[in-house]
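The values are calculated or read from the model by the stated rules, or taken from the named source; none is laboratory data. Only a predicted model underlies this, so the values are computations on that prediction, with no experimental measurement involved. Cβ coordinates were reconstructed from backbone atoms using ideal geometry, including for glycine residues, and neighbour counts include every protein chain displayed.
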Amino acid sequence: MSLTSCEIRWFVRQCPFALDEMFDQPAAERTDWYAPVAESTTGIKIREGRIEAKLMTQEMGLAAISGCQGSMHRWEKWSAVVDTPLPTERQLREAGWVAVKKRRYITVWSTETTPLRMTHDRVAQGAQFEVTELHVHDQRWWTIGFESFGPERTQAGSLEALITHVLGEYSSKEALTAADSMAYPEWLQSL
């Protein structure tokens, strides 16, 4: 299965938000294993019995939205269930894969109508907002990400609408700068 999305993401050392004010659902926890990164435009990971590959297909430039600056990218993603035994953690570690433990808060929004509407249903056009605590190489990080889906022609607008909606309500957004905005592969390379 292949999906196209548009994304802006930041990696910071401290969470700039009061999570209990932003999310009404508890965080989901998991550990993802990332393949060694050769290019900042490609990511491969093993996640909960699936293998996922992600390819940056377009750098859309720096976006200034609601007091924040971030690098916008278009991605093509593939995901498949693996029905054979996966490598062990030891094998992955010895092969240079990186374990990233995540505690992830997420909301999904329909952008098909105005005003935006948070939803638990599948929608054809929308965006998601996530704040994830990351533990990797004995370091703690946070990632703040916005990702839109639906028809390609609507993705950038959906992304900007959700960022404006979410960050317009919170004053800690000054922490989200262009210097901290990158995709997972680039962040993993920086470690």
Next item on the list: From the list E7, E52, E59, pick out the single residue that is among the charged types (D, E, K, R) and farther than 23 Å from R104 by Cα.
Entry: E59
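Given A38, A80, A64, which one is under 22 Å from L162 (Cα atoms) and not charged (D, E, K, R)?
Working: A38 fails: under 22 Å from L162 (Cα atoms); A80 fails: under 22 Å from L162 (Cα atoms).
Being under 22 Å from L162 (Cα atoms) and not charged (D, E, K, R) holds for just one of A38, A80, A64, which is A64.
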Margin query: I want to confirm something. Restricting to the stretch 84-127 and keeping residues that are of a type in the set (A, V, I, L, M, F, W, C) and more than 21 Å from W33 (Cβ to Cβ), which single residue is surrounded by the most Cβ atoms within 10 Å (Cβ to Cβ)?
Written below: A127
Notebook entry, point to check: Which one is modelled with the lowest pLDDT among residues in the stretch 134-179 that are crowded, with 20+ Cβ neighbours inside 10 Å and acidic (D, E)?
Noted result: E160
Check: Within the set of pairs 6+ apart or on separate chains, which have a first residue in the stretch 107-128 that is more than 24 Å from T143 (Cβ to Cβ) and without any contact (Cβ under 8 Å) to a residue 60 or more places away in the chain, a second that is among the aliphatic types (A, V, I, L, M) and loosely packed, with under 14 Cβ neighbours inside 10 Å, and C-beta atoms under 8 Å apart?
Finding: E112/A124
Next item on the list: Give the stretch 25-69 a look and list any residue that's loosely packed, with under 12 Cβ neighbours inside 10 Å and not in a strand (DSSP E or B), or say none.
Entry: Q25, P26, P36, A38, E39, E48, G49
Item checked: Every residue from the stretch 94-113 that is closer than 26 Å to A18 by Cα and outside any strand (DSSP E or B) -> T111
